[in-house]
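Report on one structure; see the data block that follows.
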Amino acid sequence: MALTESLDRGPTDVPLIEQTIGDFFDDMARRQGDRDALASAHEQRRLSYLELQREADRLASALLQLGLAPGDRVGIWSHNNVAWVLMQLATAKVGIILVNINPAYRTSELEYALNKVGCKALVTMQRFKTSDYVGMLRELAPELASAQVGALQAARLPQLRTVAWIDRAGEGEELPGLMRFSALLDMGRADDPRVPGIAKTLKATDPINIQFTSGTTGFPKGATLTHRNILNNGFFIGECMKLTPEDRLCIPVPLYHCFGMVLGNLACLTHGAAIVYPNDGFDPLTVLQTVQAERCTGLHGVPTMFIAELDHPRFNEFDFSTLRTGIMAGSPCPTEVMKRVVDQMHLAEITIAYGMTETSPVSCQSSTDTPLDKRVSTVGKVQPHLEVKIVHPETGAIVAPGVSGELCTRGYSVMHGYWEDEEKTREAIDAEGWMHTGDLATMDAEGYVNIVGRIKDLVIRGGENIYPREIEEFLYRHPKIQDVQVVGLPDRKYGEELCAWIIPKPGQTLSADEVREFCRGQIAHYKVPRYIEFVEAFPMTVTGKIQKFKIREAMKAQLGLGEEKTA
């Protein structure tokens with residue numbers, strides 16, 4: 001039945017899971033036993049479901065040996081590896097809250113995150129490329145040099161007691177004041193009776209994970225998620241992809257973010273599928289190699305990752321015939337890129353997901369059988385057991401189908417709250433339980449949702465509302481354009497003017513006049529970007545989110561523009 005207003009509810013025929021992550025995983029391990037649960041290509045490690053269960057139980061026991069108790073917070077500061085997923089499962093089994101720390105964080109951000117939520121322990125990589133994680137920790141806590149392992153007393157990190165570094169067992173030098181992750185594991189017992197004893201006391205509604213949301217202003221907020229939030233979201237995401245124990249999902253997206261941890265790990269673990277990590281950080285060639293070597297059936301990525309894979313000079317050397325599904329998400333998915341992925345990577349059943357950390361994260365997703373035109377042009381429909389509405393940003397009234405407004409979502413996936421920040425929680429979640437996303441969207445009469453931009457990204461030029469996403473989608477059609485981002489810049493005459501940052505395809509040269517000529521007569525004159533810059537890369541977060549505010553800042557500085565006051 002056609003919708004008469006932009007409000008839709010997901011199906012409820014499949015019940016919600018009311019178990020904890022640990023209990024659900026143990027049930028799956030009993031059923032899937034010898035099947036691959038995890039293959040980590042860069043570490044050359046492979047674990048069956050029973051082996052992963054045993055290692056997670058050992059680690060849970062070891063965390064208890066450190067003196068940690070349910071409700072305590074433990075940080076993980078690392079790219080993708082076996083230790084990360086072990087921490088995810090082990091903490092869940094004994095009710096310890098895992099705190100995901102962005103590997104791009106530097107000393108002041110790390111100090112803020114650890115102290116904001118009171119982490120008692122931290123598991124960290126030693127180093128990655130140019131990042132010296134242990135060096136940064138020593139800068140924050142010089143007391144590590146003389147501290148007994150597990151008894152750190154640091155002035156700037158007053159609650160942190162234990163730091164473990166992720167080693168390859170037996171390799172590398174000893175690090176004063178830190179313990180090896182392999183030694184931490186050795187402290188635990190797979191048959192420690194305390195682990196199932198504590199598991200019996202846990203509830204699905206207990207907080208189990210904290211993720212810091214990166215605001216463009218102010219300090220990051222700690223979105224606090226429960227077993228029920230992320231376990232169910234992972235399950236229904238996997239249902240949209242039609243995952244089974246036969247599937248092998250390549251996960252090049254970072255685990256510290258919901259994309260890797262929920263859409264990746266939990267989607268697999270709730271369906272008995274295999275998790276495959278191609279590398280610790282994103283590298284397009286290792287993704288292509290791993291898909292072929294592991295005969296992956298699924299592949300995740302943000303649009304920029306898929307673009308890098310498609311345009312890799314060795315792309316045609318690899319066999320993608322095993323691929324079937326996956327998810328493109330994390331930032332708006334260009335229609336042209338989706339079409340290339342379907343045509344060239346054998347991903348006929350790829351889906352698009354939309355969400356935010358505060359909603360565990362996915363609210364809307366296309367499924368494998370969504371018609372292709374809807375799959376490449378929308379983010380699908382509302383997920384099971386959730387509600388989505390589109391409201392007028394100022395009045396809060398639900399808008400008619402096809403009219404843009406703010407997307408709000410309600411249901412099991414809405415976070416527990418921001419850690420120890422009631423005021424910010426109330427700003428985000430209204431009295432009726434609706435999470436206000438800050439995203440501009442439309443919903444059609446069939447319930448398909450299309451994200452048109454961020455409320456803050458909306459450009460108003462001479463009284464005309466312009467959605468940068470629309471212009472980006474148009475410019476992606478240019479045969480020489482690989483990637484494009486459009487922002488608004490202050491302008492004395494019109495209030496704002498458009499600026500496009502363009503990455504040309506490899507080996508192509510392009511001029512601003514060519515771009516403007518391509519636009520002429522195809523889009524309204526006021527939508528043609530006044531400023532056109534050719535760049536090699538966009539400023540990005542580790543998860544591949546493009547930081548438009550940094551593009552704006554760079555251009556304002558370059559052009560000497562201030563903010564204009566508009567009536």
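Efficiency by 1/(1 + (r/R0)^6): what FRET value for residue 46 and residue 344, r their Cβ-Cβ distance, R0 = 41 Å, to the nearest 0.05?
Numbers: r = 29 Å, r/R0 = 0.71.
It comes to 0.90.
In this entry, the range 102-155 is assigned a mean projected area of 3.8 nm², taken as a quarter of its C-alpha convex hull surface. Assuming a ≥ b ≥ c are the square roots of the Cα gyration tensor eigenvalues, decide whether the range 323-372 counts as rounded (a/c under 1.5), prolate (otherwise, with a/b larger than b/c) or oblate. Prolate shape, in that a/c is at least 1.5 and a/b is the bigger ratio. Helix 548-559 versus the longest principal axis of the chain: what angle, 0 to 90°, nearest 10, using Cα atoms? The two axes meet at around 50 degrees. In order along the range 401-415, the Karplus-derived 3J(HN,Hα) couplings, from 6.51 cos²θ - 1.76 cosθ + 1.60 at θ = phi - 60°, round to x, x, 9, 7, x, 7, 7, 10, 9, 9, x, 4, 7, 5, 4 Hz, and Gly and Pro are given as x.
Estimated purely from DSSP H runs of n ≥ 4, each contributing -39500 (n - 2.57), the mean residue ellipticity at 222 nm for the chain is -8000 deg cm²/dmol once divided by its residues.
Identify the trypsin sites (Lys or Arg not before Pro) of the range 169-231 meeting these criteria: DSSP loop state and at most 10 other C-beta atoms within 10 Å of the C-beta. Don't jump to the answer; show the numbers that get you there.
Values: sites: 180, 189, 194, 200, 203, 221, 228; in loops: 189, 200, 203.
Here the trypsin sites (Lys or Arg not before Pro) that fit, given the DSSP loop and packing criteria, are 200.
Directionally averaged projected area (the range 196-326, Cα convex hull): 9.9 nm².
Using only the alpha carbon atoms of the range 141-184, find the Kirkwood hydrodynamic radius as the inverse mean reciprocal pair distance, in angstroms to one decimal.
Value: 10.8 Å, from the Cα pair sum.
From the Cα gyration tensor of the range 31-187, with a ≥ b ≥ c the square roots of its eigenvalues, which class applies: rounded if a/c is under 1.5, or else prolate if a/b is larger than b/c, or else oblate?
Working: a/c = 1.78, a/b = 1.48, b/c = 1.20.
In terms of gyration-tensor shape, prolate.
Tell me, what is the percent relative contact order of the range 459-520, built from C-alpha pairs under 8 Å that lie six or more residues apart? Value for the range 459-520: 31 percent.
Taking Lys and Arg as +1 and Asp and Glu as -1, the other residues whose beta-carbon sits under 13 Å from that of residue 224 total 0. Each Lys or Arg adds one and each Asp or Glu takes one away; over the other residues whose Cβ falls under 9 Å from the Cβ of residue 307, this sums to -2. At q = 0.12, 0.17 Å⁻¹ the log10 of I(q)/I(0) for the range 98-228 amounts to -0.55, -1.05, computed by Debye summation with a single uniform scatterer per C-alpha, solvent ignored.
For the chain, calculate the relative contact order in percent as a whole number, restricting contacts to Cα pairs under 8 Å that are 6 or more residues apart. Could you put the intermediate results ahead of the total?
Numbers: 1251 pairs, mean separation 75.8, N = 567.
Once divided by the residue count of the chain, the mean separation gives 13 percent.
In summary, the lysines within cross-link reach of residue 93, defined as a Cα separation below 20 angstrom excluding same-chain residues under 8 places away, comprise 120, 200, 203. Secondary structure note: in the chain, about 60% of the DSSP beta bridges are antiparallel. On the principal axes of its alpha carbon atoms, the range 285-438 extends 55, 37, 25 Å, with the longest extent given first. Using heavy atoms of the protein chains and a probe of 1.4 Å, the accessible area assigned to residue 212 is about 30 Å².
The C-alpha atoms of the chain define a longest principal axis, and helix 335-344 lies at about 60 degrees to it.
Against the globular-protein guess of 2.2 N^0.38 Å, express the Cα radius of gyration of the range 1-61 as a ratio, rounded to two decimals. Display every interim value, and only then the final one.
Working: Rg = 18.6 Å, N = 61, 2.2 N^0.38 = 10.5 Å.
It is 1.78.
For a 4.7 Å threshold on C-beta separation, the list of partnerless cysteines in the chain reads 119, 240, 258, 268, 333, 364, 408, 499, 519. Remark on the range 274-313: Rg and Dmax equal 9.6, 29 Å (Cα only). With a threshold of 27 Å on the Cα-Cα distance, the over-threshold entries among 505/545; 242/505; 424/456; 339/527 are 242/505.
If only the Cβ of Lys and Arg carry +1 and only the Cβ of Asp and Glu carry -1, the dipole of the range 353-484 around its Cα centre is close to 460 debye.
Using every Cα-Cα pair within the range 404-455, state what percent have a distance larger than 18 Å. Taking all Cα-Cα pairs of the range 404-455, the fraction more than 18 Å apart is 40 percent. To the nearest ten degrees, helix 227-240 and the longest principal axis of the Cα atoms of the chain are 60 degrees apart. When only alpha carbons of the range 349-479 are considered, Rg and Dmax amount to 15.4, 50 Å. Pair-distance distribution of the range 436-563: all C-alpha pairs, bin width 5 Å, starting at 0; shares per bin in whole percent are 2, 10, 19, 22, 22, 15, 7, 3, 1, 0.
Given [x] 159; [y] 219; [z] 179, which label gives volume of the Cα convex hull per residue in Å³ as computed from the coordinates? Recomputing volume of the Cα convex hull per residue in Å³ here gives the entry labelled [x].
Ranked by the mean number of other Cβ atoms within 10 Å of their residues, highest first, the peptides 117-127, 40-50, 432-442, 327-337 fall in the order 327-337, 117-127, 432-442, 40-50.
Treating only the Cβ atoms of Lys and Arg (+1) and Asp and Glu (-1) as charged, compute the dipole magnitude of the chain about its Cα centre; round to the nearest 20 debye. It would help to have the intermediate numbers written out before the result.
On the way: 59 positive and 73 negative charges, 88 e Å.
Computed about the Cα centre, the dipole is about 420 debye.
Summary of the geometry: the range 437-507 and the range 311-334, compared by the centres of their Cα atoms, lie 24 Å apart.
Just add up the charged neighbours of residue 176: K/R +1, D/E -1, any other residue whose Cβ is under 12 Å from the Cβ of residue 176. That works out to -2.
The values are calculated or read from the model by the stated rules, or taken from the named source; none is laboratory data. Values in this document were obtained by computation on a predicted structure and should not be read as measured data. Please note: Cβ atoms are built from the backbone with ideal geometry, for glycine as well, and neighbour counts cover all protein chains shown. For the accessible areas, the whole protein counts, side chains as well, though only heavy atoms, and no ligand, DNA or RNA atoms are used. Shrake-Rupley method; radii C 1.70, N 1.55, O 1.52, S 1.80 Å.
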